[in-house]
Amino acid sequence: MTTTQLTLLVVVGVLLLAAIVALAVLLIVARRHLRDVRGELESLREQQGRRRRRLGVAPLAIRTVWQTADSLLNKGFGATVRNSIEDLAGWARVERPDLARLTADGDVVIAFSDIEGSTQLNEELGDREWVKVLERHTKLVDDLVTAHGGHVVKHQGDGFMIAFADAGRAVLCCIGIQQGLDDGGGRRPPIRVRIGMHLGSSVRRGDDLFGRNVAIAARVADQAAGGEILITEPVRRAVRDVPGIELGTAREVDLKGVRDSPDLYPVLMPVDA
C-alpha cells in the first residue's frame, strides 16, 4: 500500500468519524427538542381541557353574558333591558316557533306581557335596582308558567311571550302573576304588568293564521293597563266554566292592523288579591 493510499484511508476514516460524531450530536439535540415539544403539547392540552370543561358547565350563561355586553355597547342599557311587545311579536312572526307540539288540535293560547311604564320606573330606581326588579319579575313568571304547564316562548327584558295548551291554566297563571307582583306592603317597588292573550291556531295554513294570531295577542296586550289581564272572545268561551275565573264587561276596541277586531274581556282579580 502506497503512502498516498494510506493517507486517503486516514482522511476517509476521519471524515466518517466526524460524520458519526455530528450525527450523534444531531440525535441528542433532536431528542431534547422533541422532549421539549412534547412538554409544550401536554401543557396546551391541559389548558384546552380546562377551557372545554368550563364551557361545558355553562355555555348558555357565557353566551348570555357576551350578548348582553354586546347589546350594552351597541344599544345602551335601556334598550338592553327594555324590549316591547312589538319586538317579541315581530320575532315570533319571523322565527315561527314550533308551538303545535303543545296541543293535540293545533290551537294554543298565546299571551304577551310587559311592565307598564318600564322606562320611567328604570329612571326612578336606577339601573342596579331596576335589574333586581327584572330578576324578581322573571323568576315569578318562569315559576308560575312552569307550574301551570305553560311554555315561555321568548323573553326579552321585561317582555314575555308565553304559550299554553289550556286556556283555563293560562288565565289562572296570569292571575297568579298579577297577585305575585304585589308591592309587599311598600317594601318593594311596585310592578304593574299588562297582559293580553288570544287563542288560535299555532300552525301555518290558509292566510297564515299563526302570524295573525300572534299579532292579535300582541295588540290585546297593548290595550291592557298595568295590573290588567285582557282576553279575546275565543279565550272567554274556553274559560267560561272554569272555577276561579270571573270576567268583566266586554270592551269594544280597535286593534291596530287587525280587521274585525274582537271584543276584549278584562279578567277580574279575586277579592283577596
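Read-outs throughout are calculated quantities, based only on the coordinates presented, and are distinct from any laboratory measurement. Because the structure is a prediction, the values reported are computed rather than measured. Methodologically, a virtual Cβ is constructed for each residue, glycine included, from the backbone with ideal geometry; neighbour enumeration extends over all protein chains shown.
Here are some notes:
- Under a 5 Å amide H cut-off, with hydrogens placed 1.01 Å from N, Val153 pairs with Met161, Ile162, Ala163 among residues at least 5 apart or on other chains.
- Phi-derived couplings, Karplus 6.51 cos²θ - 1.76 cosθ + 1.60 at θ = phi - 60°, listed residue by residue for the range 139-146: 4, 4, 4, 4, 5, 6, 4, 4 Hz, with x used for Gly and Pro.
- Taking amide H as placed 1.01 Å from N in the peptide plane, Leu255 has its amide H under 5 Å from the amide H of Ser261, each at least 5 places away in sequence or on another chain.
- Label positions at Val12 and Glu124, each projected 7 Å from the Cα along the C-beta direction, are separated by 10.5 nm.
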